[in-house]
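Inspection log for the structure reproduced underneath, given as structure tokens.
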Amino acid sequence: MTDLKLALKTLIVETCDKDCDPASIADDEILFGAGTRLALDSLDALQLSIALQKRFGVRLTDSKETRRVFANVASLARWLQTHNKAGVPA
């Protein structure tokens, strides 16, 4: 799961065009909101959703579920492990 989390952190940094080391993102760090370090917003969520669909073949269709899943890297990794349809190693 450590490799998956680092891959997700890298995907977040690249997709959302953030200037930070992916390894510096804590697994439980809040990703979205003006008061957070990364300050991801709704456009970032859309871009990240598309990137996840392309890379892992998964889709988030429920907005409440998306908020919960995108809360932090740990929750995203847990969700991805159970919804990975592309057969990409998680």
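The values are calculated or read from the model by the stated rules, or taken from the named source; none is laboratory data. Remember, it's a predicted structure, so these values are computed and weren't measured experimentally. Neighbour counts run over all protein chains shown; Cβ positions are idealised from the backbone, glycine included.
Observations on the model:
- Filtered by the rule that a residue be farther than 20 Å from residue 2 by Cβ and either surrounded by fewer than 16 Cβ atoms within 10 Å (Cβ to Cβ) or over 11 Å from the mean Cα position of the chain (by Cα) (or both), the range 12-29 gives 17, 18, 19.
- Enumerated helices (runs of 4 or more DSSP H) restricted to the range 13-84, each holding at least 3 residues that are at pLDDT 95 or above: 42-56, 73-83
- Close pairs from the range 1-23: first within 16 Å of residue 79 (Cβ to Cβ) and touching a residue at least 40 places away in the same chain (Cβ under 8 Å), partner of a type in the set (D, E, K, R) and part of a helix (DSSP H, G or I), Cβ under 8 Å, at least 6 apart: 11/55
- Under the condition of being closer than 18 Å to residue 77 by Cα and polar (S, T, N, Q), the residues counted in the range 24-46 number 1.
- Neighbours by Cβ (under 6 Å, 6+ apart or cross-chain): first from the range 42-59, without any contact (Cβ under 8 Å) to a residue 60 or more places away in the chain; second outside any helix (DSSP H, G or I) and among the β-branched types (Val, Ile, Thr): 52/58; 56/88
- Take the conditions (1) without any contact (Cβ under 8 Å) to a residue 24 or more places away in the chain; (2) closer than 20 Å to residue 6 by Cβ; residue 62 misses just one of them, which is (2).
- Answer residue from the range 36-66, given it is over 11 Å from the mean Cα position of the chain (by Cα) and among the charged types (D, E, K, R) and is surrounded by the fewest Cβ atoms within 10 Å (Cβ to Cβ) among those: 64
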